[in-house]
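Visitor: After the C-alpha cells below, expect a handful of questions from me.
Nothing in this text is a laboratory measurement; each read-out follows from the coordinates by a stated rule. As the structure is a prediction and not an experimental result, all values here were calculated from the model. Quick reminder, even Gly has a Cβ in these numbers, built from the backbone with ideal geometry, and neighbours come from all protein chains shown.
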Amino acid sequence: MGIQLRSALSIIALIALLAAIGIATAVSQSRVIESRVDGHTLETGHSIQLQVERAMRRELELTSSVVAGSPSFVGYIAQSLSGAGTAGQQIDTASIRDLLDERRVEFGLDLAGVLNVDGRTVAVTGDVVRGQPDFSSTPLVQSVRDNGAASIDLWTYDNRLLLVSVTPMLRGATVEAMLLSGYEISAEFAARIARTAQTGITLVGVAANATAIIASTLPGNEHPRVVALIDSQSARLGEIAAQTALPRLDLALDSGSTRATVAPLFGAPQTALLVSSISVEQRLAIDDGIRQPMLIGAAVGVVLLLLFGLILQRRVMKPLADLSDLSDRILRGDFQLFAKTAGSAATARIGAAFNHVLGELRGYKEAIEQRRDRG
C-alpha cells in the first residue's frame with residue numbers, strides 16, 4: 001500500500017472520527033437545550049398559574065368583603081333571621097335569594113349564599129349548586145365559625161371545582177350570619193392559563209382518592225393518559241406539592257411523548273391538581289428548531305474537514321508520495337528524474353534538496369562512466 005493511499009485512508013478515518021464526535025456532541029447538546037427549554041416553558045406556566053390564582057383569590061376576598069360589609073344587606077339578613085321562629089314567622093328565603101342573586105350577577109360570582117351563625121344554609125344561588133346543601137360540617141365553615149375571620153378554600157362539589165369564601169356578616173361586633181361566595185374553576189380558568197403559557201392545562205380533582213378530569217384544554221382521548229400519570233404519582237403528590245421547583249415528568253400521550261408538571265391548585269393538593277404539559281406539536285417544533293441548526297453546523301464542519309483533508313492531501317501528502325516514488329526509482333538506478341518543487345514551502349525545499357542530490361548523483365554517475373570508458 002503506497003504512502004499516498006495510506007495517508008488518504010488516515011485522513012478519511014480522522015475526518016470520520018471528528019464528524020462522529022461532532023454529531024454526537026450536537027445531539028447531546030440539543031437534548032440539553034431541549035430539556036432547558038422544556039423546563040423554562042413549564043416553569044413559566046407554573047408562574048402564570050400562581051399569578052392567576054393570586055388574582056382570583058384577591059378578587060374573591062374583595063368582593064366578599066364588599067357584599068358582606070354592606071350595612072343595608074347585613075341589616076336585612078339580621079332582621080330576617082332574628083324574626084324567624086317568633087310568632088310563627090318564617091324566614092323569607094325567596095327575598096334573601098333575590099338579593100343574593102342581584103349581588104351575584106353584579107359582582108360576577110358563580111355562587112352566593114347566606115349561612116346562619118351555626119353554618120347552616122339559609123339561601124343559596126348560582127348554577128353550580130343544586131337545592132340547598134348543608135355546608136355546616138365543612139372545615140372552612142367550621143374554621144370561620146370558630147375563629148370569626150374570613151377564609152378561602154377550594155371545594156369539590158358535584159364534580160365541580162369551586163374557590164369558596166366564607167365571610168362573617170357583622171353588625172357592630174356581632175356576627176349575624178355568614179356570606180358564602182365563590183367562583184367556579186372550570187374550562188375558562190384552564191383556557192386562560194393555557195393561552196398565556198402556551199401549554200396544555202388539565203384540572204384534576206383528587207378528593208376522596210378519586211381522580212377525575214374537571215376541565216382540560218387537551219383532546220378528550222388524552223384524558224386517560226393524564227389520569228394515569230396522576231395515579232402513577234399518587235404516592236408522591238405530597239412531596240411534589242412541598243417542592244419549590246416542580247419536577248418534570250414524562251407524559252405519554254396518544255399523539256406522542258412530551259413533558260409535564262403536576263402542581264397543587266390553589267395550594268390544595270388534597271383537593272385538586274393542575275397538570276401543565278407541552279403540546280407534542282410545540283415540542284417537535286422546538287426539537288426541530290434546535291436540532292436542525294446544530295446538525296447543519298455539524299454537516300458544515302464535516303464539509304470543511306473534507307476540504308481541509310483534500311488540501312492537505314494535495315499540498316502535502318501527494319508531494320511526499322511523489323518524493324517517496326522518486327526515492328524508489330533512484331534506488332533502482334534511475335537518476336534522470338526531477339522532483340516537483342510545487343506545494344508548501346517545506347515541500348518545495350525538500351523537492352529542491354532532492355533535485356540537488358539527484359544532480360550530484362548524476363555527476364558522480366557520469367564521472368564513474370567516463371573513468372570506466374578510459375580504463
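Visitor: Can you check what the net charge comes to around ILE193, using other residues whose Cβ is under 14 Å from the Cβ of ILE193 (Lys, Arg +1; Asp, Glu -1)?
Guide: It works out to a net charge of 0.
Visitor: Tell me, Kirkwood radius of the range 42-81 from alpha-carbon pair distances, in Å?
Guide: Computed over the range 42-81, the radius equals 12.2 Å.
Visitor: Continuing with the same structure: Might you report the magnitude of the Cβ-based charge dipole of the range 98-177 about its Cα centre, with Lys and Arg at +1 and Asp and Glu at -1, to the nearest 20 debye?
Guide: On the way: 7 positive and 12 negative charges, 31 e Å.
For the range 98-177, the charge dipole is close to 140 debye.
Visitor: Place the peptides 64-73, 128-137 in order of packing, highest mean first, counting for every residue the other Cβ atoms within 10 Å and averaging per peptide.
Guide: Packing order, densest peptide first, comes out as 64-73, 128-137.
Visitor: Using θ = phi - 60° and the Karplus relation 6.51 cos²θ - 1.76 cosθ + 1.60, list the HN-Hα couplings for the range 220-227 in order, rounded to whole Hz, with x at every Gly or Pro.
Guide: x, 5, 8, 4, x, 5, 5, 4
Visitor: Sort the following peptides by mean Cβ neighbour count (other Cβ atoms within 10 Å, averaged over residues), highest first: 175-181, 366-372, 165-171, 227-233.
Guide: Top to bottom by mean Cβ count within 10 Å: 175-181, 165-171, 227-233, 366-372.
Visitor: Given Cβ point charges of +1 (Lys, Arg) and -1 (Asp, Glu) and nothing else, what value in debye, to the nearest 20, does the dipole of the range 72-144 about its Cα centre take?
Guide: 140 debye
Visitor: What percent do you get for the relative contact order of the range 61-188 when only Cα pairs under 8 Å and 6+ apart count?
Guide: It rounds to 26 percent for the range 61-188.
Visitor: Would you please put 253-265, 142-154 in order of how densely packed they are, using the mean number of other Cβ atoms within 10 angstrom per residue and starting with the highest?
Guide: 253-265, 142-154
Visitor: With no solvent and one point on each alpha carbon, what is the Debye value of log10 I(q)/I(0) for the range 109-152 at q = 0.20, 0.23, 0.28, 0.29 Å⁻¹?
Guide: Here log10 of I(q) over I(0) equals -0.63, -0.81, -1.08, -1.12.
Visitor: If you don't mind, there's one more thing I want to ask. What's the local net charge at ASP373, with K and R +1, D and E -1, over the other residues with C-beta under 13 Å away?
Guide: Summing Lys/Arg as +1 and Asp/Glu as -1 gives +2.
Visitor: What fraction of the Cα pairs in the range 104-253, stated in percent, has a spacing above 23 angstrom?
Guide: 47 percent
Visitor: Given H placed on each backbone N at 1.01 Å, which residues far from LEU246 in sequence or on other chains put an amide H within less than 5 Å of it?
Guide: none
Visitor: Would you tally the net charge around GLY359, using a Cβ to Cβ cut-off of less than 12 Å, leaving GLY359 out, and scoring K and R as +1, D and E as -1?
Guide: Numbers: positive: ARG362, LYS365; negative: GLU360, GLU366.
My count for the surroundings of GLY359 gives 0.
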